[in-house]
Structures are given as C-alpha cells and as structure tokens.
Amino acid sequence: MGVIDFTKRERKIKTKTTLKTETRKTIRALIITLSIMILVLWGTFLAITTHGSERGYALAQAKLKNKNLKSEAASIKTNLTTTTSFTELEANSTVSQMTPLSDENKTYVTKEDNTVK
C-alpha cells in the first residue's frame, strides 16, 4: 500500500461576540419582525374594510334598483288594471266586433286528458 498524505483542513476561527453585539442583533431582528407583522396586519385590515365598504355600496345600489323596479311594477300594474277594466273594454270598438263562441265549438279538458299514459 501507498502512503496517504494527510493534510489538515483549514478551520474557520470563530470570533467571539460580545453580549452587546448579540443584543443589538436581537433587537434589530425583533424590530424587523415587528415591522413586517405590523405591515401585514395593516394591509389585511385595509383589505377587509375596503371589501366591506364595497359590499355596502353594492347593497345600497341594489336597494335603489329594487325600489325603482317596485315603483315601475306598481305603475305597470295600475296601467294594466285601467286598460283591462270593464268600462275601458266596453268603450273599445274591437270588442264589439268580435263574434261570441257558439256552444258547438266549446271543448273542455277533462281529468283523463291530463293523465300521463
């Protein structure tokens, strides 16, 4: 067998740190961590409150639209009832020109006609 050359690895010499530098590092890490937490919480708060106010605005718009549609439906309903009233139909000349159905042409739907076979 051959001779094995053994060389020592270079070791890094650790420098001793004082308590003052350790506390400064810890304080700096705490300040950075707390700053990041404050920014994240502030962003989350803004996102939630903005989303809530946006939904409130959309709800107010939907209520206004609902109110307008209800008033429009009421006006259409009153217009329909006045148009289809008996006095309005009598005054209309097309009703008088219609011919009434004779008894021979009438057909009725019975219960047997509606059953599924």
Q: Might you let me know whether region 50-63 holds any residue that is outside any loop (DSSP other than H, G, I, E, B), at pLDDT below 90 and of a type in the set (A, V, I, L, M, F, W, C)?
A: yes
Q: Answer yes if at least one residue in region 13-28 is outside any helix (DSSP H, G or I), out of contact with any strand residue (DSSP E or B) (no Cβ under 8 Å at 6 or more places or on another chain) and aliphatic (A, V, I, L, M), and no otherwise.
A: yes
Q.
Out of the residues in region 91-117 meeting the condition of being more than 53 Å from the chain's Cα centre (by Cα), modelled with pLDDT of 70 or more and among the hydroxyl-bearing types (Ser, Thr, Tyr), tell me which one is surrounded by the most Cβ atoms within 10 Å (Cβ to Cβ).
A. 102
Q.
Any residue at all in region 19-40 that's exposed (fewer than 10 other Cβ atoms within 10 Å of the Cβ), of a type outside the set (A, V, I, L, M) and at negative phi?
A. yes
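The values are calculated or read from the model by the stated rules, or taken from the named source; none is laboratory data. The structure presented is a predicted model; accordingly, all values stated were derived computationally and were not measured. A quick note on method: Cβ atoms are made from the backbone with ideal geometry, for glycine too, and the neighbour counts reach across all protein chains shown.
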